[in-house]
Amino acid sequence: MKYQNSFKDPIRVPWVGIGILALFLAMTPIWPITGNWFGVPAWAVFALLVSILTSLFVAVVILRVWQDPDDQGDHND
């Protein structure tokens, strides 16, 4: 297989690991966020926003960083 060494594991890219760790820590409900935002507890809104950011971050990593060797080369459709 000629693309065997071209596989790029996203966890080997430093900013991916840092981003996942930061988003994971932000998602845990340990932050002292009080009050209500739009009638909903602030911690719940914050957790929802961080969950959306995590989904977007993972999508960007998959689309931009992940390089699967099976996706390269000739496609005989």
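Would you pick out the residues in region 65-77 that are outside any helix (DSSP H, G or I) and either within 26 Å of Pro14 (Cβ to Cβ) or at pLDDT 90 or above (or both)?
The initial filter retains those residues of region 65-77 that are outside any helix (DSSP H, G or I), namely 66-68, 72-77.
Of everything in region 65-77, those that are outside any helix (DSSP H, G or I) and either within 26 Å of Pro14 (Cβ to Cβ) or at pLDDT 90 or above (or both) turn out to be Trp66, Gln67, Asp68, Gln72.
What is the residue count in region 1-49 for residues that are in a loop (DSSP other than H, G, I, E, B), among the polar types (S, T, N, Q) and at pLDDT 85 or above? Lay out the reasoning, then the answer.
We begin by selecting, within region 1-49, every residue in a loop (DSSP other than H, G, I, E, B); these are 1-3, 7, 9, 13, 28-35, 38-39.
Keeping just the survivors that are among the polar types (S, T, N, Q) gives 28, 34.
From what is left, the residues that are at pLDDT 85 or above are 34.
Number satisfying all stated conditions: 1.
Can you pull out the residues in region 19-64 that are aromatic (Phe, Trp, Tyr), more than 24 Å from Asp9 (Cβ to Cβ) and touching a helix residue (DSSP H, G or I) at 6+ places or on another chain (Cβ under 9 Å)?
Within region 19-64, the subset aromatic (Phe, Trp, Tyr) is 24, 31, 37-38, 43, 46, 57.
Remaining after also requiring more than 24 Å from Asp9 (Cβ to Cβ): 31, 37-38, 43, 46.
Trp31, Trp37, Phe38, Phe46, listed by residue number.
The values are calculated or read from the model by the stated rules, or taken from the named source; none is laboratory data. Please read all numbers here as calculations on a predicted model, not as lab measurements. So basically every Cβ, Gly included, is an ideal-geometry build from the backbone, and we count neighbours across all protein chains shown.
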